[in-house]
Amino acid sequence: MTNGKRCSAFVICSFFICSFVLRLAPLGRYVTPDEPAWVYRSIRFADALAARDWSAVPSTGHPGVTTMWLGALSLAARRIFNPAESLAHLDWIRRLAWLAPENGEAFRHLVFFLPWGRVAVALVTTLGLVALYPLLTRLFDRRVALLAVGLLAFDPFLIGHSGLLH
């Protein structure tokens, strides 16, 4: 491996670690108002996919399929690592006819799945930034690519939003 490739691999690994850790900052600190709703949609989405009931796939007035996919994948991971407790929460959630903002009990059950969803969003966002660097080096000088990815990776607005399930 040449020094240039070794340096490039080091830069990519450094960006991945720093970006991912920064995006995990919201874990366990707070819950935004829309995140439990996205967990609820993700559960309904996963159930509709499992049943192949395409008419039951939640539809919203805005794009949200990527969020529901990440939520559904994180839900599956949570079920693998904690099956009994996950099943208890899912059974309770599946009995809801709809999600109302004043339903505190529902939010307690939904928040159980939230950290895994946040990790999924943070991971996918970070992998996107890592994938962007080699693409930019094909178009621009390495310094320009590094600056562009650095500005995206360490932008406070993007850090804040790419660690949330929304």
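The values are calculated or read from the model by the stated rules, or taken from the named source; none is laboratory data. Remember, it's a predicted structure, so these values are computed and weren't measured experimentally. Cβ sites come from the backbone with ideal geometry, for glycine too, and all protein chains shown count toward neighbours.
Taking Phe15, is it assigned to a helix (DSSP H, G or I), more than 20 Å from Asp91 (Cβ to Cβ) and in contact with a Leu (Cβ under 8 Å, 6 or more places away or on another chain)?
Numbers: assigned to a helix (DSSP H, G or I): yes; more than 20 Å from Asp91 (Cβ to Cβ): yes; in contact with a Leu (Cβ under 8 Å, 6 or more places away or on another chain): yes.
So Phe15 fits the description; yes.
Given the structure, is Ala72 crowded, with 19+ Cβ neighbours inside 10 Å, in a helix (DSSP H, G or I), of a type in the set (Gly, Ala, Ser) and modelled with pLDDT of 90 or more? Taking the combined requirement at face value, the residue satisfies it. Restricting attention to segment 16-73, the residues that are acidic (Asp, Glu), closer than 17 Å to Ala120 by Cα and more than 13 Å from the chain's Cα centre (by Cα) total 1.
Any residue in segment 95-117 that is in a helix (DSSP H, G or I), surrounded by fewer than 20 Cβ atoms within 10 Å (Cβ to Cβ), of a type in the set (Val, Ile, Thr) and in contact (Cβ under 8 Å) with a residue 60 or more places away in the chain? Scanning segment 95-117 turns up at least one residue that is in a helix (DSSP H, G or I), surrounded by fewer than 20 Cβ atoms within 10 Å (Cβ to Cβ), of a type in the set (Val, Ile, Thr) and in contact (Cβ under 8 Å) with a residue 60 or more places away in the chain.
Scanning segment 134-166 for residues that are under 29 Å from Pro26 (Cα atoms) and assigned to a loop (DSSP other than H, G, I, E, B), we see that the one that is modelled with the lowest pLDDT is His166.
Go through Pro33, Pro26 for me and flag whichever is within 22 Å of Ala100 (Cα to Cα) and assigned to a loop (DSSP other than H, G, I, E, B).
On the way: Pro26 fails: within 22 Å of Ala100 (Cα to Cα).
Within the list Pro33, Pro26, the selection yields Pro33.
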